[in-house]
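Engineer: Attaching a single structure in structure tokens format; questions to follow.
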Amino acid sequence: MQDNFFARKRLKTLLYCALLLAITLIAIVITNYNVIKGFTSIPKAAEWAFNNFYPNEKALKRLPVIISSLTETVLVSIAATAVAALFALIFAIAGSHTTGAGGVFSFVSRSIATVFRNIDVSAWSMILLISFGQNVLTGYFALFFGSFGFLTRAFTESIDEVSSSSVEALRSTGAGYFSIISQSVIPACIPQLISWILFMMETNIRQATLIGILTGTGIGFLFSLYYKSLNFSAASLIVLVLVLAIFIIESVSTYIRKVIL
């Protein structure tokens, strides 16, 4: 019996590997990708990075400017995530099966969240760039709209997982709608909501770099400026500062999750 189980597992694994290999080969043929050239270019790329892409003494003089741009990017990301979380919570409560009013309200709430979630932040940046131009507000709204769609979906699922027995118990005592939400639903799922907010904050700080390149603001614009002017030492310093900042933020976020969960 056990041998048959492992045999089936091995067969499934082989089938999955064969399917992935077939898809990869089809993609190589369709895109005319030169596999040999691709692999042989890796040592050359590593050699170029080793010889050119590292911070030097001249690049370190630009560190205050880089830190200032990074601070702006982080603050915009946090602000966009916080405001998006507030609106997402309202829409999630309206769209949830546990707390929602049902009918058209739930449908509209979920539909709006789906639309906003399925448009990437880079697409939002390009759309908003036409209206607002290259400024911080464009990046802020791009992060806000992307965060709103994702968090609304995540919050809705978290609220739906709340046991309906406590909700029904409060309703049987004559508790009002807002009392049920504030005393039963939100306290029960607040750890999950905070965890999703922290995850979205980490994601936005990464995405803000790309948005900065598109909107001409923040650390992304500074990286693009240095790279296009062939100042690879300063560009590499930005990469190192970004990696360090994201590592610190993820460490703090992980610690907060361990405390609340």
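Engineer: Picking from Ile119, Ile246, Ile42, which is most flexible by a Gaussian network model of the chain using Cα springs under 10 Å?
Structural biologist: Comparing Ile119, Ile246, Ile42 in the GNM, the peak value goes to Ile42.
Engineer: Another question, then. Provide Phe107, Phe145, Phe87 ordered by accessible surface of protein heavy atoms (probe 1.4 Å), highest first.
Structural biologist: On the way: Phe107 140, Phe145 40, Phe87 95 Å².
Result of the area sort, largest leading: Phe107, Phe87, Phe145.
Engineer: Note the per residue figure in Å³ for the convex hull of the C-alpha positions in region 205-261.
Structural biologist: Working: hull volume 3.5 nm³, N = 57.
Convex hull volume per residue, Cα atoms: 61 Å³.
Engineer: For Lys58, give me every one of the lysines with a C-alpha distance below 28 angstrom, ignoring sequence neighbours fewer than eight places off in its own chain.
Structural biologist: Partners within reach: Lys44, Lys228.
Engineer: Which whole-percent values make up P(r) of region 1-120 when all C-alpha to C-alpha distances are grouped in 5 Å steps starting at zero?
Structural biologist: 2, 8, 7, 7, 6, 7, 8, 11, 17, 13, 8, 4, 1, 0
Engineer: Nothing charged except the Cβ atoms of Lys and Arg (+1) and of Asp and Glu (-1): what's the magnitude of the dipole of the chain about its Cα centre? Round to the nearest 20 debye. The partial results should precede the final answer.
Structural biologist: Numbers: 17 positive and 11 negative charges, 117 e Å.
Dipole size: approximately 560 debye.
Engineer: Still on this model: Farthest toward the dipole's positive end in region 1-74, which of Ala49, Val74, Ala27, given Cβ charges of +1 (Lys, Arg) and -1 (Asp, Glu) about the Cα centre?
Structural biologist: Ala27
Engineer: What number, rounded to the nearest 500 deg cm²/dmol, is the helix-based mean residue ellipticity at 222 nm of the chain, given -39500 (n - 2.57) per DSSP H run of at least four residues and division by all its residues?
Structural biologist: Values: 12 runs with 220 residues, N = 261.
Calculated at 222 nm, the ellipticity per residue is -28500 deg cm²/dmol.
Engineer: I would also like to ask the following. What nm value, rounded to one decimal, do you get for the distance between Ile26 and Phe247 when each label is placed 7 Å out toward the C-beta?
Structural biologist: So the label points at Ile26 and Phe247 sit 4.1 nm apart.
Engineer: No solvent, one uniform scatterer per C-alpha: report log10 I(q)/I(0) for region 58-143 via the Debye equation at q = 0.12, 0.15, 0.25 1/Å, two decimals.
Structural biologist: The Debye formula, applied to the Cα set alone, gives -0.52, -0.71, -1.14.
Engineer: At a 1.4 Å probe, what is the % contribution of carbon and sulfur to the accessible area of the chain? Don't skip to the answer; put the middle values down first.
Structural biologist: Values: 11160 of 15800 Å².
The computed percentage sits at 71.
Engineer: In what order, largest first, do Lys12, Lys61 sit by accessible area if the probe radius is 1.4 Å? Each step should come with its number before you reach the end.
Structural biologist: On the way: Lys12 115, Lys61 155 Å².
Greatest to least solvent exposure: Lys61, Lys12.
Engineer: So how many Å³ per residue does the convex hull of the Cα atoms of region 116-165 work out to?
Structural biologist: Values: hull volume 3.2 nm³, N = 50.
Convex hull volume per residue, Cα atoms: 63 Å³.
Engineer: Could you tally the net charge around Leu151, taking each other residue with its Cβ under 14 Å from the Cβ of Leu151, Lys/Arg +1 and Asp/Glu -1? Display every interim value, and only then the final one.
Structural biologist: Numbers: positive: Arg110, Arg117, Arg153; negative: Glu157, Glu202.
In short, +1.
Engineer: Using volume of the Cα convex hull per residue in Å³ as the read-out, say which of (i) 161; (ii) 239; (iii) 175 was calculated from these coordinates.
Structural biologist: Given (i) 161; (ii) 239; (iii) 175, the structure-derived one carries the label (ii).
Engineer: Of Thr98, Thr31, Thr71, which has the most accessible area and how do the rest follow, probe 1.4 Å? Can you show the working numbers first?
Structural biologist: On the way: Thr98 25, Thr31 95, Thr71 70 Å².
Sorted descending by solvent-accessible area, the residues read Thr31, Thr71, Thr98.
Engineer: Sort the following peptides by mean Cβ neighbour count (other Cβ atoms within 10 Å, averaged over residues), highest first: 206-218, 126-138.
Structural biologist: On the way: 206-218: 22.2, 126-138: 14.9.
So the order, starting with the most tightly packed, is 206-218, 126-138.
Engineer: If R₀ is 35 angstrom, what is the calculated FRET efficiency for the pair Tyr54 and Val83, using the beta carbon separation as r and rounding to 0.05? Don't skip to the answer; put the middle values down first.
Structural biologist: Details: r = 38 Å, r/R0 = 1.10.
After rounding to 0.05, the efficiency reads 0.35.
The values are calculated or read from the model by the stated rules, or taken from the named source; none is laboratory data. It should be emphasised that the depicted structure is a prediction, and the values quoted were computed from it without experimental measurement. We place every Cβ from the backbone using ideal geometry, glycine too, and count neighbours over all the protein chains shown. The area values use the complete protein model at the heavy-atom level, side chains included, leaving out ligands, DNA and RNA. Shrake-Rupley method; radii C 1.70, N 1.55, O 1.52, S 1.80 Å.
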